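Every number in this text was worked out from the coordinates using simple rules, so none of it is lab data. These figures come from a predicted structure and were not determined experimentally. Cβ atoms come from the backbone with ideal geometry, glycine included; neighbour counts cover every protein chain shown.
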Amino acid sequence: MYQVMAGPLHIQVHILQAPGGRLGGKTGAGRAWPVQHPGSPEPNPSPLKGHPPFLINEYSAPNTLHFTAFGSSMLHMHRFLLLALLSSTACVHAFNLELLWAKMVDDEGEFDVDLPTPQSCENAEFSPDETLVATVAKGDFTTRLLRAEDGRQLWSVKEEGETECITFTADGKFILNGGENNALRVRRVEDGVEILSLPVGASIEGLRFSPDYQLLATGDEAGKVRIWRTPGSDPRQWPREPAAILAHGEDENAGGPKGQHADVNQVDWSADGRFLFSGSRSRWLKQWEVAAALKGGQAEVRRFGPLHASIKCARLSPDGALLAAGCGHDPQKKLPAQVAIFRVADGQPVLVWDFPDFQVFETVAWTPDGKHLIAGGDVLAGGEQGCLAIWKTDDLLTKSKPPVPRRFPVHNQEYLFFSKDGSRLLTSHQDGSVRLWKVLP
């Protein structure tokens, strides 16, 4: 078996196991040479000659493919085959990240990964004009406002418990957050002062405004999706009770007590605001008709799933055709974490991926142009460094088997949020950091 590692501008080949164990007369030898990237000059001629058949066995470490070459004890492979191998890695993905800044680190610039109290940054989002970033954390129960340009902290306030989610109002003057204080809280962006608290009675796990900002959806640990009316620019004038409450169902996870509510972990809207989507601990995603919900009628349109375990994240593609979701693993049944894509039109799965090295996928996001899907979460203990899994959307729709994702190494993630034009990406991490990336074409 041979290991091919795809770096930014070269391929490096290492022998892992091969008949005779020799390459170029030296056991375990490796060679590196340039490869051609789109738009780059013609690379130097490849030293490899011949093209015996080979088989891709698995994808493991970042930018690494394992394959077996048959025939000679020498590694013989033509350059065009290597370029074909790299078609599933960085060279043709046209999606790379360059770090602009990372915040919530100690005085020496090291990430505080060993703090006695977990400082996980659960969520970070841009303001509507994308000049500010709001974040929430658990452990220190802190809401922060940062300057998007350089990550400078403008203010921070302590909450009454772990805070899971945050977003801005349409005019960017207020921040809404939710968490284990069992209330929807509204703060002024100007100074962080709380101006409104709407009791929910359960921990809020996810929240999201409708595209026109006239409605707000929240998901909570009581297994409910609540739809709130949010008219006007002053949150203090909003109704104090939700306009609709939708029950997601009971917990269907292995080992969950009978009758336990299925925590609703994330919600999302269709672009026209007609439909609401939610993912929960029930292992199912649901699509709801908003108009029916507001009238008190039958609102559930369809279900998607089930996945292996609690669904932590759900996001609709920009064109509204696909629904992406991620879940955790089930240690009792020995089922791995998953990322899944469903067709919205009929609820059928397009592709489902198993990830034995992941404990859970906490977040999924589509690039605003819809060309890529990104997923992130928490690797299992003893696994490799955390990473983002990246797919090209075209591959999702044209491959008969699940396409191999590219992996971008970065500390375990909690949340992903793109700028409107897709040129920047905010990532929230379990080490308490929030990072801003430039998306490279």
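Observations on the structure shown:
- Rough spin-label spacing in nm, given labels placed 7 Å along Cα→Cβ, for residue 150 and residue 245: 4.8
- Remark: spin-label model distance residue 343-residue 214 equals 3.2 nm, labels positioned 7 Å along the Cα→Cβ axis.
- Charge tally for residue 188 (other residues, Cβ to Cβ under 14 Å; Lys, Arg +1; Asp, Glu -1): -1.
- Taken one residue at a time, the phi angles of region 187-199 give Karplus couplings (6.51, -1.76, 1.60, θ = phi - 60°) of 10, 6, 5, 4, 9, x, 6, 6, 10, 7, 9, 10, x Hz. Gly and Pro are set to x.
- Pairs beyond 18 Å (Cα-Cα), from 158/312; 103/371; 371/438; 286/312; 286/334: 158/312; 103/371; 286/334
- Square roots of 5 times each gyration tensor eigenvalue, C-alpha, region 145-220, largest first, Å: 20, 16, 11
- Gain on full extension, evaluated as 0.36 nm per residue between residue 291 and residue 420 minus their Cα-Cα distance, stands at 43.7 nm.
- A full extension of the chain between residue 130 and residue 357 corresponds to an added length of 78.3 nm, given 0.36 nm per residue minus the alpha carbon distance.
- Under 11 Å, Cβ to Cβ, from residue 244 - net charge with Lys/Arg +1 and Asp/Glu -1: +2
- Per-residue extension of 0.36 nm, minus the Cα-Cα distance of residue 229 and residue 369, leaves a gain of 47.5 nm for this segment.
- Distance in nm between pseudo-label sites at residue 274 and residue 394 (7 Å out along the Cβ direction from Cα): 3.0
- Filtered chymotrypsin sites (Phe, Trp or Tyr not before Pro), region 334-433: DSSP coil and at most 13 other beta carbons within 10 Å: none
- Treating r as the C-beta distance of residue 300 and residue 440 and R0 as 41 Å, the FRET efficiency rounds to 0.50.
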